[in-house]
Amino acid sequence: MSEPTEEPTDTAPPPEETTIKEVSTDKPTAADAPAAAAGGGSAKPWKITAAVLSVTTIALLISTIILAVDKNKDSSSSTDESAVQGENPCAGKRPDLPNVACVVDEINMTGEQSGVNVTKGYQGSRNTTAVPITTSYRQAGLCPVNVHWHLGAEHYSLGQYDESGSGPLDFHEGRQGFQCSYYNDKDEKFTKPYQWKHCIGMLVGQTYEVHWPHSAAGMCNTPWQYQTPFYDGVFCKDIIKDTDAQIGVQSQVFTVVNDEEYYFPDLFNGMIVDGDKGTDLAIYTGSTTGTARNNEICSQFTPITWQVDRKCHLISASSFDKMCSEMKAQADNMADDLYAHGSRELVNDEHAANNQQLRGRHRG
């Protein structure tokens, strides 16, 4: 909410008077002549000249300061603009790792996959030596390099987002994942249309799984930190050697409502950790997701860490739209992530890692 502004007045207050010590400009009289002769001439014209010079000097000094400040502003603006307008250092950095058959002749052709069952107590059957990041990503030296979301949930959490969930029947194209159980068509916060200004094809009442890919190789704290496709941000710098320790994804599932009681101001920079949000995490190693993969075709971008909030949460449509407006303001063009992507089918036990861990609240 913007702060109220003062109403403009019809007339501006009179400026404060700035005075210089009064100097007489009267011509010397005959009575003054002897004194002038004795002193080598009248002192009053010299006082006038000194006052004028003082005023002129002050004016020149003020002008110099103003010009210097303006020059610094111009220089700063020029630097910022050149940083944004320059060549994207992350463009085309995605490694050439196409999807492959998950299994050939009973041999696994790639590593563990995502998304998986994150119900408390679940473990996959895929043996792995990968070790997921259990601290916050910030503590591990990673920064967020993208944000995008999927239609429905790609992960599965029994009683939170699962096969018993529901939502509006009218949803856009793309494979739909699991849904939360909040939806109530008799409650207008789940049905009242929202006037979207920035996100594309979004629907009140629908469930979405938001992903925030993080990387130690991102252009952290620069205009090029956020990238679409996210692979460019993840692999921007050529320093990735240990993927499970240097690449991670935060995941959180929401049902969108048209109700400002559920507004959250920052959905752009990472998982919400507030109240019951981000407090019950499943942590494991897996892969990239999306509908190009399933249980026959697998991703080679593995192993990477996943930190998944097991609970589903309500969030306002305006929170999502604000996030989309921030995405549109980035140096890289994030237009291809302003809408929901389809959800990958749930990964079978045989492709899910057996290293899933529990974790409480932490930020970053």
Legend entry - HN-Hα J in Hz across region 87-102 - Karplus 6.51, -1.76, 1.60, θ = phi - 60°, x for Gly and Pro: 5, 5, x, 9, 4, x, 7, 5, x, 7, 10, x, 5, 9, 4, 5
Legend entry - Residues with amide H under 5 Å from that of Trp149, placed H, sequence gap 5 or more: His211, His341
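Gain in length, Ser181 to Val104, computed as 0.36 nm per residue apart minus the alpha-carbon separation, to one decimal in nm?
Numbers: separation 77, 0.36 × 77 = 27.72 nm, distance 3.86 nm.
Stretched fully, the Ser181-Val104 segment lengthens by 23.9 nm.
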Legend entry - Ranked Ser157, Ser319, criterion: other C-beta atoms within 10 Å, fewest first: Ser319, Ser157
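Just rank Val234, Val131, Val118, fewest to most, by other beta-carbon atoms within 10 angstrom.
Details: Val234 31, Val131 14, Val118 27.
In increasing order of surrounding Cβ atoms, one gets Val131, Val118, Val234.
Hey, which of these cross-link pairs are over 18 Å Cα-Cα: Lys192/Lys277; Lys277/Lys311; Lys189/Lys328; Lys93/Lys328; Lys237/Lys328; Lys197/Lys328?
Numbers: Lys192/Lys277 25 Å; Lys277/Lys311 8 Å; Lys189/Lys328 27 Å; Lys93/Lys328 21 Å; Lys237/Lys328 23 Å; Lys197/Lys328 11 Å.
Distance filter (> 18 Å) returns Lys192/Lys277; Lys189/Lys328; Lys93/Lys328; Lys237/Lys328.
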Legend entry - For region 152-165, 3J(HN,Hα) per residue [Karplus equation, 6.51 cos²θ - 1.76 cosθ + 1.60, θ = phi - 60°, Hz, x = Gly/Pro]: x, 9, 7, 8, 10, 10, 4, x, 10, 9, 7, 6, 8, x
Legend entry - Calculated from backbone phi, Karplus (6.51, -1.76, 1.60) coupling profile of region 320-336 in Hz, x at Gly/Pro: 5, 5, 5, 4, 5, 5, 5, 4, 5, 8, 6, 4, 7, 7, 9, 4, 6
Legend entry - Exposure proxy order (Cβ contacts within 10 Å, fewest to most) of Ile107, Ile272, Ile247, Ile240: Ile107, Ile240, Ile272, Ile247
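Read-outs throughout are calculated quantities, based only on the coordinates presented, and are distinct from any laboratory measurement. This is a predicted model, so every value here is computed, not measured. Heads up, the Cβs are rebuilt from the backbone with ideal geometry, glycines too, and the neighbour counts pull from every protein chain shown.
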